[in-house]
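Colleague: Can you read through this structure? Questions will come right after.
The numbers here are math on the coordinates, done by the rules we state, and not lab data. Because the structure is predicted, anything quoted here is derived from the model rather than measured. Note: ideal-geometry Cβ built from the backbone for every residue, glycine included; neighbour counts use all protein chains shown.
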Amino acid sequence: MAGTRSSGTTKATSGVRIALVAAEWHAVLVDQLVAGARRALAAAGVPTTAIELHRVPGAWELPAAALWLAERGDVDAVIAFGCVIRGDTPHFGFVAGECARGLMQVQIVTGVPVAFGVLTTEDAAQAAARADPEQMDKGGEAVRAALEMVALRKGLEVR
């Protein structure tokens with residue numbers, strides 16, 4: 001079916017270190033994304049000791065934190081979680097667009113995969129469905145994307 005991805009995760013998780021960076025804004029929804037991510041990481045065999053979680057005020061701050069984590073050189077991927085819900089002002093466009101652009105720039109500049117686990121929705125109901133690990137599980141989806149990119153990067157590295 002168009003737009004779907006395989007549910008398989010990489011088996012190359014031995015020794016992988018993952019940094020999660022999560023916005024405090026819309027904390028209930030973001031915490032659901034993080035819970036889905038932790039569940040997916042455990043299912044992929046990534047031990048809890050190889051996962052670190054950092055909090056930032058909102059989605060606007062995610063790119064800077066992702067950059068700092070990627071630049072440290074001790075994580076294989078960064079997964080960013082946040083939630084931006086459209087409102088009555090242009091704020092949504094500025095925050096969502098710049099967050100996405102900034103996170104993409106981090107992975108291009110550093111070479112460290114940065115998964116986009118930021119919900120950008122029209123309303124709170126859409127955000128709730130996407131955040132819920134029992135429904136759309138966008139937290140788990142971001143983990144699977146990150147692990148696939150880690151495996152690809154490791155496979156492309158010159159040894």
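Colleague: Compute the relative contact order of the chain as a whole-number percentage, counting only Cα pairs closer than 8 Å that sit 6 or more residues apart in sequence.
Modeller: Values: 291 pairs, mean separation 47.3, N = 159.
Worked out over the chain, it gives 30 percent.
Colleague: Which one of W25, A43, G93 is farthest out on the positive end of the charge dipole of the chain, using unit charges on Cβ (Lys, Arg +1; Asp, Glu -1) and the Cα centre as origin?
Modeller: Most positive-ward Cα: A43.
Colleague: Moving on to the next point. For the Cα atoms of the chain, what angle does the longest principal axis make with the long axis of helix 91-110, in degrees from 0 to 90, nearest 10?
Modeller: The angle comes out at about 10 degrees.
Colleague: Tell me, rounded to the nearest percent, the portion of alpha carbon pairs in the chain spaced more than 20 Å apart.
Modeller: 46 percent
Colleague: Compute the acute angle (0 to 90°) between the alpha-carbon long axis of helix 27-43 and the principal axis of greatest extent of the alpha-carbon atoms of the chain; round to the nearest 10°.
Modeller: Around 20 degrees separate the two axes.
Colleague: While we're here: Does anyone have the angle between helix 138-156 and the longest principal axis of the chain? Alpha-carbon axes, 0 to 90°, nearest 10?
Modeller: 30 degrees
Colleague: Name the residues of region 12-35 whose amide N is less than 17 Å from a point 7 angstrom out from the Cα of L53 along the C-beta direction?
Modeller: 18-35
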